[in-house]
Amino acid sequence: MAEKESGSSQSKAASADEFTGWRSIIWPIYNSELKKFLPMAFMMMGILFNYSIMRGLKDSLVVTSMGADTIPTLKLFFVLASAVLFMIAYSKLSNVFSKNTVFYTVVSFFIIYFALFAAVLYPCHDALTPHWTDNMEAGLLKSLVVPIQGWVYSSFYVMAELWGSAMVSLMFWRFANDVTSLKQSKRFYSMFGFIANGALIISGGILKKIEDIKTVTILAVIVGLLIMGIYYWLNEYVLTDPRFFNPDEIKKPKKKVKLSLGDSLQYIFSSRYLGFIVLLVVCYGVSINLVEVTWKDQVRLLCPTKEAFKAFMGDLQIWTGWVTIFFMAVGANILRRCSWYTSAMITPLMIFITGLIFFGGIIFKNSLEAAGTAGQVITYGGLTILEIIAYVGLCQNVLGKGVKYSLFDATKEMSYIPLDDELKSKGKAAVDVVGGRAGKSGGAAINYLLLNVLFVGSSLSSLAPIVAGIFTVIMLVWFYAVKGLSVEFQKLTAEKS
């Protein structure tokens, strides 16, 4: 009892102290907290490493073999369906098993698939791929058959997408929210990303240097096993110590309420608070997807082979890592010194401004090329117009993901902390897994309808003006959601204090 009181008093004393000078900017973590903070940061680092590796591989496999216009079909019909199935399975597992068992089950599921892909599916890809679309005309039917025909790469794409939403957004952040107080989260959460995003730099170098896709996938399997090892060590040797985890600081309901999936969804979407979080996630997914699909189509024209495309994606990861680490350092101070509203508004503003610049390059591409004919733009710096547009899109992705990882994720996760356990777990599953995938699938649906229904036979580049208009509307909705959630967050936080 004395030890628990001592640990609690230390925690309260630490919370009362404020860092000053450079320490408050660079490293606002107490030495006594390192045993808890560092393993959690390295666990997040491993999760982001695998996500970055899989993201680079899935795009190089799908875009170069089936085309960028296959991505909307995959996200709309396959990724969304898989996310819904995952949510159902996760909800059932959460009602039956402990949190630790659910974590080990989910991670093992991914590890088994990626090991199977490396050992069997990828080496036997040619033998496992039929040729149904060789003489098929473009249209709705072909758009659906192409990803089914290329099911080996399509399945990898789906699993890579699920890893991002399930492991990053759901499994890690639910665990962090369960063991981190609100005061501690203001210092921990941005610093998690500050360390963890070093994984982007490492994964980018691996994508550029290691050509064998099988070897890279095996490496992801090994990292998955390390993630489970860190999680086990935290639960067995760290969180059992009252100095690192005091349940009294993290309010939970006295009685755990268990609801069916239908009742849970009804409960979730009847909440105005969660409704705004859903809008944030959906708007992010739609907006970033609208830009990325068009950009990857430009990259495919510039880098037509799997090796060249994968190397370009490696550059994306490296620059994203460095820029994100910079924003993490800045973001940590923004979170502590600015309001939640100011911190949350930076991400949509960054994506909106850089997205409009990218779409402007596509829309005025012909004009720029005409000027280049006269010896102007096309030879500027030795770059072609295609290269300029591809690198502008690269900058848009890097800056957008930098603020997303440093501020969007942190502010979104902070908004969950005042909620009760039911909304934290099942509500978070619905928002992050289904909401996130619905956001990306929403962007995919827009591209799919434009390409295969409204303007059949059109290229992604020719549709840029229409997509840019839709992108602008989505961003305005995002701004509204940030303002609405800010008001609700302040009310709920005031009630809990």
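The values are calculated or read from the model by the stated rules, or taken from the named source; none is laboratory data. Worth saying up front: this structure is predicted, and the values here are computed from it rather than measured. Backbone-built Cβ (ideal geometry, glycine too); neighbour counts: all protein chains shown.
The lone criterion from (1) in contact (Cβ under 8 Å) with a residue 12 or more places away in the chain; (2) within 18 Å of residue 58 (Cα to Cα); (3) surrounded by fewer than 22 Cβ atoms within 10 Å (Cβ to Cβ) left unmet by residue 153 is number (3). So which residues in segment 455-497 are of a type in the set (Lys, Arg) and touching a residue at least 60 places away in the same chain (Cβ under 8 Å), if there are any at all? Hits for segment 455-497 are 483, 496. Any idea how many residues of segment 20-36 are surrounded by fewer than 21 Cβ atoms within 10 Å (Cβ to Cβ) and at pLDDT 70 or above? So the count comes out to 9. Considering only residues in segment 327-349 that are under 26 Å from residue 208 (Cβ atoms) and under 18 Å from the mean Cα position of the chain (by Cα), the one that is surrounded by the most Cβ atoms within 10 Å (Cβ to Cβ) turns out to be 327. I'd like to check something: does segment 124-134 contain any residue that is out of contact with any Phe, Trp or Tyr (no Cβ under 7 Å at 6 or more places or on another chain), surrounded by 20 or more Cβ atoms within 10 Å (Cβ to Cβ) and not hydrophobic (A, V, I, L, M, F, W, C)? For segment 124-134, residues out of contact with any Phe, Trp or Tyr (no Cβ under 7 Å at 6 or more places or on another chain), surrounded by 20 or more Cβ atoms within 10 Å (Cβ to Cβ) and not hydrophobic (A, V, I, L, M, F, W, C): absent.
Let's see how each residue does on (1) under 19 Å from the mean Cα position of the chain (by Cα); (2) at pLDDT below 90; (3) not hydrophobic (A, V, I, L, M, F, W, C):
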| site | (1), (2), (3) |
| --- | --- |
| 107 | yes, no, no |
| 110 | yes, no, no |
| 124 | no, no, no |
| 133 | no, yes, yes |
| 143 | no, yes, yes |
| 149 | no, no, yes |
| 153 | no, no, yes |
| 174 | yes, yes, yes |
| 181 | no, yes, yes |
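Restricting 108, 60 to residues that are surrounded by 17 or more Cβ atoms within 10 Å (Cβ to Cβ) and of a type in the set (Ser, Thr, Tyr) narrows the list to 60. Restricting segment 351-377 to residues that are over 22 Å from residue 288 (Cβ atoms) and of a type in the set (Val, Ile, Thr) leaves a set whose member that is modelled with the highest pLDDT is 373. No other residue among 183, 214 is over 30 Å from residue 98 (Cα atoms) and of a type in the set (Lys, Arg) apart from 214.
Here is a yes/no grid of residues against (1) touching a Pro at 6+ places or on another chain (Cβ under 9 Å); (2) closer than 19 Å to residue 171 by Cα; (3) modelled with pLDDT of 90 or more; (4) crowded, with 23+ Cβ neighbours inside 10 Å:
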| residue | (1), (2), (3), (4) |
| --- | --- |
| 405 | no, yes, no, yes |
| 410 | no, yes, no, yes |
| 413 | no, yes, no, no |
| 456 | no, no, no, no |
| 477 | no, no, yes, no |
| 489 | yes, no, no, no |
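Annotation note: Cβ proximity below 7 Å between a residue of segment 114-126 that is under 13 Å from residue 157 (Cα atoms) and a residue that is charged (D, E, K, R) and not in a loop (DSSP other than H, G, I, E, B) (sequence gap 6+ or interchain) occurs for 122/214.
Whether any residue in segment 378-394 is of a type in the set (Phe, Trp, Tyr), assigned to a helix (DSSP H, G or I), within 25 Å of residue 299 (Cβ to Cβ) and at pLDDT 85 or above is what I want to check. So far as segment 378-394 goes, yes, one or more of its residues are of a type in the set (Phe, Trp, Tyr), assigned to a helix (DSSP H, G or I), within 25 Å of residue 299 (Cβ to Cβ) and at pLDDT 85 or above. The residue of segment 196-237 that is nearest to the chain's Cα centre (by Cα), among those that are among the polar types (S, T, N, Q) and more than 22 Å from residue 40 (Cβ to Cβ), is 217.
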